[in-house]
Amino acid sequence: MIFICIKKNPKAMKKIIYGIVFMLLTGCNISKQGETWHPLYRAQAGLNKGGITENTDFSKTDDIVPDAFSGATNTGFNASGHILLPLKHNSIETGVDYMYNKQKFTFKDATNGYNGTRSIGSSQLMVPITYNLGLFKKKDPLGMVQVKLGYLMQFNLFNVSDKGNPLTDYSLKHFSSGITFGVSIIPFKLSNGNSLGFYFDGYRGSKVYNDYYNRSIYEMPASSFMKFGVIYQFGNK
């Protein structure tokens, strides 16, 4: 019944996620074998690749040649603040991420009269919620290595610049969401009680960009990214 409700009313998913975030952030400490585990806090920063996943297969139409449209993505940057809440032997992770990237679409379509470039800068505020499975727990009760899987919401702001002949009409969505996954490794304990590590995250989500070459008849257009960087984890006191 829950899944039927969500399918008919996508706003129901947002309400459920907001409720989960609220319960997690207001939850109590969890004890295990007499030891109290407090929430852990992380600051993260790194690089990313991705954003709008453009269509590359025009086999479903006869009026577009293969090289009429192409895309290129620059390396962007990201920063975030996360909280980890112990849940029995593993943890729930959430927080707020900021990510920026820039893409350029090139149009070389003499048949349809589109010739030029479109640059799109994307600023995205993201809220991930993941279940973290901890591995190698001898020195860390939550795991020195954590494998993550969950859901991510994106709030998107775009800056679009066109050069060349009048290009295709387009539309952009300011909200998107999808599945996120990743790995965190926290191998270094610092003298001040904090820790240092690394993260790698991936994402595949809903479509955010639509134009003549990225219509709903194609399966490829969506949103996706890979990001990696450094974690500074504050000590569990």
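The values are calculated or read from the model by the stated rules, or taken from the named source; none is laboratory data. Everything numeric in this text was worked out from a predicted model, so none of it was measured. Here the Cβ positions follow ideal geometry from the backbone for every residue, glycine too, while neighbour counts run over all protein chains shown. With ligands, DNA and RNA removed, areas are computed over all heavy atoms of the protein, side chains included. Shrake-Rupley method; radii C 1.70, N 1.55, O 1.52, S 1.80 Å.
Out of the range 153-189, which residues are among the hydrophobic types (A, V, I, L, M, F, W, C) and farther than 25 Å from PRO128 by Cβ?
First, the residues of the range 153-189 that are among the hydrophobic types (A, V, I, L, M, F, W, C): 153, 155, 157-158, 160, 167, 172, 175, 179, 181, 183, 185-186, 188.
Residues satisfying the conditions are VAL160, LEU167.
When LYS7 is tested against (1) among the charged types (D, E, K, R); (2) at pLDDT 55 or above; (3) within 24 Å of the chain's Cα centre (by Cα); (4) farther than 22 Å from GLY143 by Cβ, only condition (2) is not met.
Residue-by-condition table, conditions (1) under 14 Å from the mean Cα position of the chain (by Cα); (2) modelled with pLDDT of 85 or more; (3) in a strand (DSSP E or B):
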position	(1), (2), (3)
ALA43	no, yes, yes
LEU47	yes, yes, yes
ASN55	no, no, no
PHE58	no, no, no
ASN78	yes, yes, yes
VAL96	yes, yes, yes
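Would you call PHE69 over 30 Å from ARG215 (Cβ atoms) and at pLDDT 55 or above? When the stated conditions are applied, PHE69 does not pass them.
Contact annotation: residue pairs with Cβ atoms under 7 Å, 6 or more positions apart or on different chains, pairing a residue in the range 122-137 that is among the β-branched types (Val, Ile, Thr) with a partner that is open to solvent by 70 Å² or more (accessible area, probe 1.4 Å) and in a strand (DSSP E or B), are VAL127/VAL96; THR130/LEU149.
Is it the case that ASP109 is of a type in the set (D, E, K, R) and modelled with pLDDT of 90 or more? Considered against the rule, which asks whether it is of a type in the set (D, E, K, R) and modelled with pLDDT of 90 or more, ASP109 comes out as no.
Of the numbered criteria (1) open to solvent by less than 60 Å² (accessible area, probe 1.4 Å); (2) at pLDDT 90 or above; (3) not polar (S, T, N, Q), the one PHE200 fails is (1).
Among the residues that make up the range 157-170, is at least one of them closer than 16 Å to ASP97 by Cβ, within 19 Å of the chain's Cα centre (by Cα) and part of a strand (DSSP E or B)? Within the range 157-170, one or more residues are closer than 16 Å to ASP97 by Cβ, within 19 Å of the chain's Cα centre (by Cα) and part of a strand (DSSP E or B).
Give the number of residues within the range 150-181 that are open to solvent by less than 70 Å² (accessible area, probe 1.4 Å) and within 28 Å of PHE105 (Cβ to Cβ). Spell out how you get there, then give the answer.
Start the filter on the range 150-181 by keeping residues that are open to solvent by less than 70 Å² (accessible area, probe 1.4 Å), which leaves 150-154, 156, 158, 160-161, 164, 167-168, 171-172, 175-178, 180.
Adding the requirement that they be within 28 Å of PHE105 (Cβ to Cβ) leaves 152-154, 156, 158, 160-161, 164, 167-168, 171-172, 175-178, 180.
Final tally of qualifying residues: 17.
Residue pairs whose Cβ atoms lie under 6 Å apart, sitting 6 or more positions apart in sequence or on different chains, and linking a residue in the range 143-167 that is over 30 Å from HIS89 (Cα atoms) to a partner that is in a strand (DSSP E or B) and of a type in the set (D, E, K, R), are ASP162/ARG118; LEU167/ARG118.
Of all the residues that make up the range 86-112, how many are under 19 Å from SER161 (Cα atoms) and open to solvent by less than 40 Å² (accessible area, probe 1.4 Å)?
Initial filter on the range 86-112 (under 19 Å from SER161 (Cα atoms)): 100-109.
Cutting the leftovers down to open to solvent by less than 40 Å² (accessible area, probe 1.4 Å) gives us 101, 103, 105-107, 109.
Here the count works out to 6.
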